[in-house]
Amino acid sequence: MGGLSYNVDSGQFQNALRDAVDRLRGESRQVMDRVANDMVNTAKSLVPVDTGRLRSSIRAIPVGGGRFTYTVTVGTNVEYASDVEYGTAPHVILPKNKKALYWKGAAHPVARVNHPGTRPYPFMRPAVLRAEELLRAHAKGVR
């Protein structure tokens, strides 16, 4: 046959592109894990400590993802965490299992306590707000 023809095979290019996507996916997951761990450390450094239960419960847990997504949950499962984070409004405390409330140092048992509420001690919100800064810093090396 006369003339001139070329065959262009995109297989090698597609394989290289697939390899690059897989490498970037791995690197981006590493970045997300580092950001999540930094968020945990920030929250732990800010949370007030009484018994240490709340601080020790703050974790980063990878919850999965697809080929182009990855999710890490940062938080705590301690039931009073939101009371610490946001504070509480004034409220009345009533006995649940007894007729009166009593604690060490009280002059006598009481039927109710008017609690003045507690001030907020944000520890998760500052960690979340710092996440974008952390993500940019950790992602600088991803190419």
(Q) About the Cα centre, and with charges only on the beta carbon of Lys, Arg (+1) and Asp, Glu (-1), how big is the dipole of the stretch 10-105? Nearest 20 debye, please. (A) 420
Q. Alpha carbon centre of the stretch 6-85 versus the stretch 94-143: separation in Å?
A. 25
Q: Using only C-alpha positions, report the orientation-averaged shadow area of the convex hull of the stretch 76-143, nm², one decimal.
A: 7.3
Q | Choice from VAL78, VAL113, VAL49 with maximal GNM fluctuation in the chain (Cα, 10 Å cutoff) | A | VAL113
Q: Filter the chymotrypsin sites (Phe, Trp or Tyr not before Pro) in the stretch 74-125 to those in DSSP coil with at most 12 other Cβ atoms within 10 Å of their Cβ, and list the result.
A: TYR80, TYR102, TRP103
Q | Kirkwood Rh, angstrom, the chain [1 / mean 1/r, Cα pairs] | A | 19.9
Q: For each of HIS108, HIS138, HIS91, count neighbouring Cβ atoms within 10 Å of the residue's Cβ, then give the residues from fewest to most.
A: HIS108, HIS91, HIS138
Q: Mind telling me which of VAL74, VAL31, VAL21 comes out most flexible in a GNM of the chain, alpha-carbon contacts under 10 Å?
A: VAL21
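Since every read-out is calculated from the coordinates, none of them should be taken as a lab result. Every value quoted in this text rests on a predicted model; they were computed, and no experiment measured them. Here the Cβ is made from the backbone with ideal geometry for all residues, glycine too, and neighbour counts use every protein chain on show.
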